[in-house]
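Following: one structure in structure tokens, then a few remarks.
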Amino acid sequence: MFVNLKRKDRLLRDLPLYFMLLPAVVLVAIFSYGSMAGVIIAFQKFVPAKGLFGDQQWVGFQNFVTLFSVPNIGLVIRNTVIIALFKMIAGVIVPVVFALLLNEVRSMLTKRIFQTVVYLPHFLSWVILSGVLINLLSPSEGIVNIFLSKLGMEQIFFLGDPDVFPATMVVSDIWKAFGFGSVIYLAALTSIDPSLYEAAVIDGANRWRQTWHITLPGISSIIVLMSVLGLANILNGGFDQIYNMYSPVVYSTGDILDTFVFRLGIEQAQYSLSTAAGLFKSGVSLIFIVGSYYLADKFTGYRVF
């Protein structure tokens, strides 16, 4: 009885917080869970005129068989994994290195200026940034190619060369995101005991030795955690970024599952096939998410609840 009263009092106390949370819960329920009803399209020969719950023809797994018989589906999956994998690796290394370098800056004003400059792109959408990058990387009028020409180097068609396009996507994604990642690692650096550095100085350790033996081990759990959780995005090549900057010329190396699904569903109106492709991606991502949380719990003790 006493426990029930305590639970009731706690519920009444937190009731305003639950009401504040309610709009977010409703939005998630409608757009994240409610839309999952559309998964049945992957197992139907869907005709939009009959409606989602109309008398549709069921075809079982035929859409998945058709999907994996598409000539370029293997290429699309390969592009997705390669681009996402390099984004994940660079997305850990670059923020860590930048955080370590910024941590060595003693002037707080300089540190805040650098932190603000690199953090700013994180708040801009890819619609805006893609316009900026298209202008900067233009082979004829872009400032990057003009600079290369001044140095006597050949111009590079960053967004039109299939060999260069994936690297351009990875570098531009890191440019946008590494400022946010560096904030996480800078926060982790503040938890390291300063007396460890004092003891290292007494022992004659230089800055490199202090970084290698104190700083990196001190934030290693955060590095492992961010790396492991990044596995969940192994099939997320970045639709917003690539869709706004790619073209048919670079499909061979730049077309990913998200853009492939978009063209199937929206441009070609193959709703059943595109839903099957999206469900396949979601299934694989679910496996990686479960695996990443297991590894995060095993190596860092991280748990959702």
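I need to check one value: relative contact order of the chain, counting alpha carbon pairs closer than 8 Å and at least 6 residues apart, in percent. Please report the intermediate quantities before stating the final value.
Values: 308 pairs, mean separation 78.3, N = 305.
That works out to 26 percent.
Dividing the alpha-carbon Rg of region 167-221 by 2.2 N^0.38 Å yields what?
On the way: Rg = 14.9 Å, N = 55, 2.2 N^0.38 = 10.1 Å.
Cα-based Rg divided by the globular estimate yields 1.48.
Region 109-144 and region 246-265 have their alpha-carbon centroids 24 Å apart. Listed by chain and number, the aspartates and glutamates placed with their C-alpha closer than 18 angstrom to that of K150 are E141; residues fewer than eight positions away on the same chain are left out.
Only alpha carbons enter this Debye calculation for region 114-228, each as an equal point scatterer, and the log10 of I(q)/I(0) it gives at q = 0.16 Å⁻¹ is -0.87. Screening the chain for whole DSSP H helices of 18 Å or more along their axis (Cα) with average Kyte-Doolittle hydropathy at least 0.0 returns 2-28, 73-103, 165-189, 216-229, 271-300.
Is the shape of region 179-252 best called rounded, prolate or oblate, per the rule: a/c under 1.5 gives rounded, else a/b larger than b/c gives prolate, else oblate, with a ≥ b ≥ c the square roots of the Cα gyration tensor eigenvalues? Prolate. The chymotrypsin sites (Phe, Trp or Tyr not before Pro) of region 46-108 that meet both conditions, a loop assignment by DSSP and at most 14 other Cβ atoms within 10 Å of the site Cβ, are F53, F61, F68. Using a cut-off of 28 Å between Cα atoms, the listed pairs K45/K87; K87/K281; K111/K298 include K45/K87; K111/K298 as exceeding that distance.
Overall size of region 213-304 from C-alpha positions, given as principal axis extents largest first: 54, 26, 18 Å.
For region 1-110, the alpha carbon positions stretch 62, 55, 27 Å along the principal axes, listed from largest to smallest. Calculated on the Cα set of the chain, radius of gyration then Dmax: 24.5, 83 Å. Comparing T275, T215, T80 in a Gaussian network model of the chain where C-alpha atoms under 10 Å apart are linked, the largest mean-square fluctuation is found at T215. Here the alpha carbons of region 152-305 define both size measures, Rg and Dmax, at 21.4, 70 Å. Neighbour counts of other Cβ atoms within 10 Å put D193, D258 in the fewest-to-most order D193, D258. With the Kirkwood sum run over all distinct C-alpha pairs, region 227-275 has a hydrodynamic radius of 11.8 Å.
Set the Cα radius of gyration of region 1-60 against 2.2 N^0.38 Å, with N its number of residues, and you get 1.98.
Here, each number is a calculation from the coordinates, and none is a lab measurement. The structure displayed is predicted, hence computed values, not measured ones. Heads up, the Cβs are rebuilt from the backbone with ideal geometry, glycines too, and the neighbour counts pull from every protein chain shown.
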